[in-house]
Amino acid sequence: MPYPRTAPYPRTSLHLARLVAIGLSLLTLSVVANDAVPAGIAASQAKVQTVFDCRRLKSAPPAIAPDQWFQRSVWATHCYSYQARAVRVVDDDIVTLSLVRDIEDGVESDRMYFLNGPTRSLVREGGSMRFQLGASGELASPASPSALVEHLSELYRLRFHGEGRIANRTAVVVEFAPQDGLRYGYRLWLDRVTGIPLKRALLNDRGAVLETFELVELTPPELYDGEVVLMEPTSSAAVGWSAGWLPPGFVVQPLMALASPEDSPRRHKFYSDGLATISLFVEPLEGEGTLRPGLHRLGANYAAVRRIERGDETLQAVAVGELPPGVLMRVVDMLEFASEDAEDDSAS
């Protein structure tokens, strides 16, 4: 029987939008190079997890193959400062944004201001964007660009898709075509001079564009002349549940600083395959936070909702991400709790 696709209760639209916003804020299109931390920095900054030298880009060989271009974009995302205007387009919905990216004393900061609709802003500091392959989750070291490409090559086919002109700059287009039906495809427009991602398109299984995020104006990027450090993420409280099934290649990630202050790490987990993400929430079923079980669509995202009875408490599990809806539903259907309580679990 197909899963119901419903609209949320009228009072809960903002709650669903908040969950989707948290998921969007955690997108991991950027990672960091996994260089060794120099002894001096390690001694003076105990919480520095990774450091790499942006000055290497001055003498880096030109990128030729698609994987080399993507690795160059990883470095560029962390090593350049700039200001930009951008648009996010899903169907007929257009969101306009102002972006400010800066690096000061080796520490990255990103600010995003929404220019239409409700007044909102997001701030990320300390290089919180990362992709980690280690099994230790939140304290694992970030993957190097080469390790990330190797990981993605097992899940996607990397290939060129021509060139384009974005924000009055020439771009090389790199496409990530999924090798299974468990994720969407991606197309990235990378600045030919710097490697900065200028545009990102999400593609369904027929190649149709579901969502685009595009810079429309960009100040001249400035390469940081020094080392950029990535700080160790704040450890989150342990939870008594986990995803019992995930699509191949998805790995648990640290909770990022962009998560809403209203969101408790106690009930939130974040997974990624290096491009796609899944945000998984488990929380008590309460008034305005109540969502109908089934699938809810908000833009290019889906939220899969399941209710779980545990003892005298009813919980609500929600999986949010830019993935095929059936995949998200399978994630919440196969949620696992601590073994000592597993036999008491039942779902409606």
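Here are some notes:
Residue by residue, here is whether (1) open to solvent by 10 Å² or more (accessible area, probe 1.4 Å); (2) farther than 27 Å from Thr212 by Cα; (3) not in a strand (DSSP E or B) holds:
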position	(1), (2), (3)
Gly274	no, no, yes
Arg292	yes, yes, yes
Tyr302	yes, no, no
Thr314	yes, yes, no
Gly326	yes, no, yes
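- Filter result for Glu232 (open to solvent by 50 Å² or more (accessible area, probe 1.4 Å) and touching a helix residue (DSSP H, G or I) at 6+ places or on another chain (Cβ under 8 Å)): yes
- Restricting the search to strands (runs of 3 or more DSSP E) fully inside segment 159-258 and requiring at least 2 residues that are acidic (Asp, Glu) and in contact with a strand residue (DSSP E or B) (Cβ under 9 Å, 6 or more places away or on another chain) gives 209-218.
- Filter result for Val173 (open to solvent by less than 20 Å² (accessible area, probe 1.4 Å), closer than 29 Å to Asp53 by Cβ and without any contact (Cβ under 8 Å) to a residue 24 or more places away in the chain): yes
- Looking only at residues in segment 64-103 that are open to solvent by less than 20 Å² (accessible area, probe 1.4 Å) and touching a helix residue (DSSP H, G or I) at 6+ places or on another chain (Cβ under 7 Å), the one that is farthest from Arg200 (Cα to Cα) is Cys79.
- Residue pairs meeting the criteria (Cβ under 7 Å; at least 6 apart or on separate chains; first over 11 Å from Leu280 (Cα atoms), in segment 302-315; second open to solvent by less than 40 Å² (accessible area, probe 1.4 Å) and acidic (Asp, Glu)): Leu315/Glu283
- Scanning segment 117-133 for residues that are at pLDDT 80 or above and either assigned to a strand (DSSP E or B) or of a type in the set (Gly, Ala, Ser) (or both) gives Gly117, Ser121, Leu122, Val123, Gln132.
The values are calculated or read from the model by the stated rules, or taken from the named source; none is laboratory data. This one's a predicted model, so the numbers in the text were calculated from it and none came from an experiment. Please note: Cβ atoms are built from the backbone with ideal geometry, for glycine as well, and neighbour counts cover all protein chains shown. Surface areas here come from the heavy atoms of the whole protein model, side chains and all, with no ligands, DNA or RNA. Shrake-Rupley method; radii C 1.70, N 1.55, O 1.52, S 1.80 Å.
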